[in-house]
Amino acid sequence: MNILISEQDIQKRVRDIAADIHRDHPEGVHLIAVLKGAFVFLSDLARAMPGHCSIDFMAVSSYGKGSISSGQVQLLKDLDTGIEGRDVVIIEDIVDTGLTLTYLQDILRARSPRSLRTACLLSKPSRRLVDVTVDYVGFSIEDRFVVGYGLDYAEQHRNLPFIAALDNPK
Ligand code: 5GP
């Protein structure tokens, strides 16, 4: 396992993203985190956010237990509250092909929020299959399977405070 992004670098970038989100939503923001991978990012981001913020969660499954995208997105848990007329930011762990985020943006946009933006800690631009807008990107990385800071391999490694590359995930 190789450390790609250190805990210090992540914490600094998360504070910058929180400041950017606050600048764009000075009246407050509704953060929607995508379970499970985004729970650590959300937790640090929310605590770094000046001003008002509320929080909700969605859960989707796109990868099963392995590391190969199936391309099929399934909604496992919907929001607890409506988002009509609200300023919403989707909080995602990583954008890979972009299929999961496209699905989420489409279903949330259909619920008529006042604004809808997206923050992703990581992006793998070389893997994109669909063109999807990400307003706040933590780090762009090359095409490697990564774990840590909320991201798992078969439910392991989510608790690592850094991002590491797993070189031979099955
Ligand atoms: P996409 O639909 O963009 O292909 O995939 C998005 C989802 O796939 C992410 O939310 C994440 O759950 C998973 N994913 C994509 N790349 C990685 C990776 O390198 N490591 C881990 N652990 N999950 C990934």
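Readers should treat all values here as calculations from the given coordinates under stated rules, not as data from a laboratory. All values derive from a computational prediction rather than experimental measurement. When we count neighbours, we look across all protein chains shown, and the Cβ atoms used for this are built from the backbone with ideal geometry, even at glycine.
Shown for 7, 27: other C-beta atoms within 10 Å of each C-beta, ranked fewest to most, produce the order 27, 7.
Of 88, 134, 146, the sequence from fewest to most neighbouring Cβ atoms within 10 angstrom is 134, 88, 146. Using the alpha carbons alone, the radius of gyration of the chain stands to its Kirkwood radius in an Rg to Rh ratio of 0.94. The residues 45, 76, when put in order of fewest to most other Cβ atoms within 10 Å, stand as 76, 45.
Here each label is just a point 7 Å from Cα along the line to Cβ, and for residue 133 and residue 81 those points are 2.5 nm apart.
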